[in-house]
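Inspection log for the structure reproduced underneath, given as structure tokens.
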Amino acid sequence: MKISKTARANCKLKNGNPARTYTQTAWKRVRKLLDLAIYICFEKANLNTGSMESERMVSVLSSLIENESASISENEKWSIKKRFQNRTFIISYPSYGYANVDGEMIIIPG
């Protein structure tokens with residue numbers, strides 16, 4: 001079972017140290033699942049919470065996931081900023097009443 005992007009996003013809190021908060025939240029959720037005899041397999045790290053010997057590994061893994069998530073977010077922001085600068089940004093879902101025709105926003109007559 002992989003941790004989804006939504007689950008990662010839900011673990012982030014705006015106050016305090018994000019990495020520390022993420023790790024604490026992740027551990028609370030892992031412990032709740034362990035109490036229900038539900039184990040999580042982290043494929044990239046080859047780690048199964050059902051056979052863990054130490055909580056330290058999940059703490060390290062949580063930190064790595066947080067850093068990866070922050071890196072992906074920064075890359076996405078950079079990409080959007082560059083597309084705006086190059087005037088190649090295309091809105092995938094235009095506002096109501098508009099259509100995207102060949103990269104131009106056209107008002108839909110109504």
State the extension gain, in nm to one decimal, for the chain segment bounded by E104 and L36, taking 0.36 nm per residue of separation less the distance between their alpha-carbons. 19.2 nm
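Take each of the peptides 72-81, 29-38, 87-96, 57-66, average the number of other beta-carbon atoms within 10 Å over its residues, and list them starting from the highest. Don't jump to the answer; show the numbers that get you there.
On the way: 72-81: 10.6, 29-38: 12.2, 87-96: 9.1, 57-66: 17.7.
Those peptides, ordered most packed to least, come out 57-66, 29-38, 72-81, 87-96.
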Expressed in angstrom, Rg and Dmax over the Cα atoms of region 37-110 are 21.6, 65
For region 31-96, the dipole about the Cα centre with charges only on Cβ (Lys and Arg +1, Asp and Glu -1), to the nearest 20 debye, works out at 500 debye
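Bear in mind that the values in this text are calculations on the coordinates, not laboratory data. It should be emphasised that the depicted structure is a prediction, and the values quoted were computed from it without experimental measurement. As a convention, Cβ positions derive from the backbone with ideal geometry for all residues, glycine included, and neighbour counts pool all protein chains shown.
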